[in-house]
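Each remark here refers to the structure printed beneath this line.
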Amino acid sequence: MKSKIIRILSGLTIWHVVFWLTNLALFTFPFFLKYNQEGVFQPEKLYPGLIYTFYLAVIVYFNYFVLIPRFAAKKKVGLYFVTVTVSVLIVNFFFAISFTAINNIPLSLVNAFSFSVLEVVYIIITSFFKLFKEWIEDRGLQLKIKEIEKQKAEAELLALKAQLNPHFLFNVLNNIYSHSLHQSELTPTIVLKLSELMSYVLYDCRSNQVPISREVEFIKNYIELEKIRLEEKIEIDINTDQVRNIKIPPLLFVPFIENAFKHGINSQPKKKQIQIELVANENSLIFRITNTVGEVKEIVNKKTGGIGIENVKKRLELLFPDRYSLHVLDKGSEFRVSMIIHSKFGNQ
């Protein structure tokens, strides 16, 4: 109760004082101020005006701090109007008693009605400012919440990128290590390809979006590295004929391609085959990959996938909430992944 009183008093700023002084000077005093026949000023005629201003302030602040928060703000409109009406009647009753005691004459019905109308006008005006102020504050709070959520999402995306990039590079560095142990002549070629990949990962991927042509180039370089590493005949079909010049989040497809090699081709299927299809325009992005699987399979969990796929799902949820679908299908000898994103993509 004490804290509430302090809060109410703290709200009575200099602007409230100016408001009531202006009200006294322009409206209340001229209404009550009278001169006798000789034109002599009678200060006692101001007392009813001061008392009425007091009662007017009581009902205004009672409505401002109690009725609006308790009823109007909670959309209890009927109850709000009832309490306002009762409050006006009570205030007018006490003012009529005060007026009669000071002037020794009862308050006329015409004046009582005029005072009631004035009170309603003040209640409407102050209620408007109260609700408008709360709307502004709520709007500001919502903007702050959105900004915090945006910063949180950006931080999570950065964390996911930090997990994704080392995860990918770890696998590629293993390839180089394997060839260097055997002093392979392909080692310089692998190092060159890796240099191109790292340039993309370390520089291009700093941006939230990259040209899809760079992502496609990155995929092809990665596949070339894997083909060199495996030293086997692998049928790889990449269809990017329906790709427009747009920008997309970087490294969305790499985890799926990694898994196609790691859990598909490495399982020694009879027919080593990977098919990749990419369709992209300003409104949608479709990525499909199918790889053959051997009898001894080590396929990622369908619900969450490995580290890379799990990161992709988290990134999709942050970047394209309710605008994407991700399906994984195990057909025994084939493993398929289909990712579809419906969103607006900017041009390169």
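Each reported figure results from applying straightforward, stated rules to the coordinates on display, with no laboratory input. The structure displayed is predicted, hence computed values, not measured ones. Here the Cβ positions follow ideal geometry from the backbone for every residue, glycine too, while neighbour counts run over all protein chains shown.
So the values come out like this:
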{"read-out": "Model label zone, Ser180; criterion: amide N under 15 Å from point 7 Å along Cα-to-beta-carbon; scope the stretch 189-223", "value": "189-195"}
{"read-out": "Residues whose placed amide H lies under 5 Å from that of Glu334, excluding near-sequence neighbours", "value": "Val293"}
{"read-out": "Using θ = phi - 60° and Karplus 6.51 cos²θ - 1.76 cosθ + 1.60, couplings along the stretch 194-205 (whole Hz; Gly, Pro as x)", "value": "5, 4, 5, 5, 5, 4, 5, 5, 7, 10, 4, 6"}
{"read-out": "Residues of the stretch 185-218 with amide N under 16 Å of the 7 Å Cα→Cβ point at Leu230", "value": "none"}
{"read-out": "Rounded FRET efficiency, nearest 0.05, which uses the C-beta distance separating Arg214 from Lys344 and R0 of 25 Å", "value": "0.80"}
{"read-out": "Ile105/Lys133 FRET efficiency (R0 41 Å; Cβ-Cβ; nearest 0.05)", "value": "0.50"}
{"read-out": "Gain upon complete extension [Asp322, Ile124; 0.36 nm per residue less C-alpha separation]", "value": "66.9 nm"}
{"read-out": "Exceeding the 19 Å Cα-Cα cut-off - candidates Lys233/Lys271; Lys262/Lys331; Lys75/Lys146; Lys144/Lys314; Lys227/Lys262; Lys247/Lys344", "value": "Lys75/Lys146; Lys144/Lys314"}
{"read-out": "Calculated from backbone phi, Karplus (6.51, -1.76, 1.60) coupling profile of the stretch 122-135 in Hz, x at Gly/Pro", "value": "5, 5, 4, 5, 5, 5, 4, 5, 5, 5, 5, 4, 5, 5"}
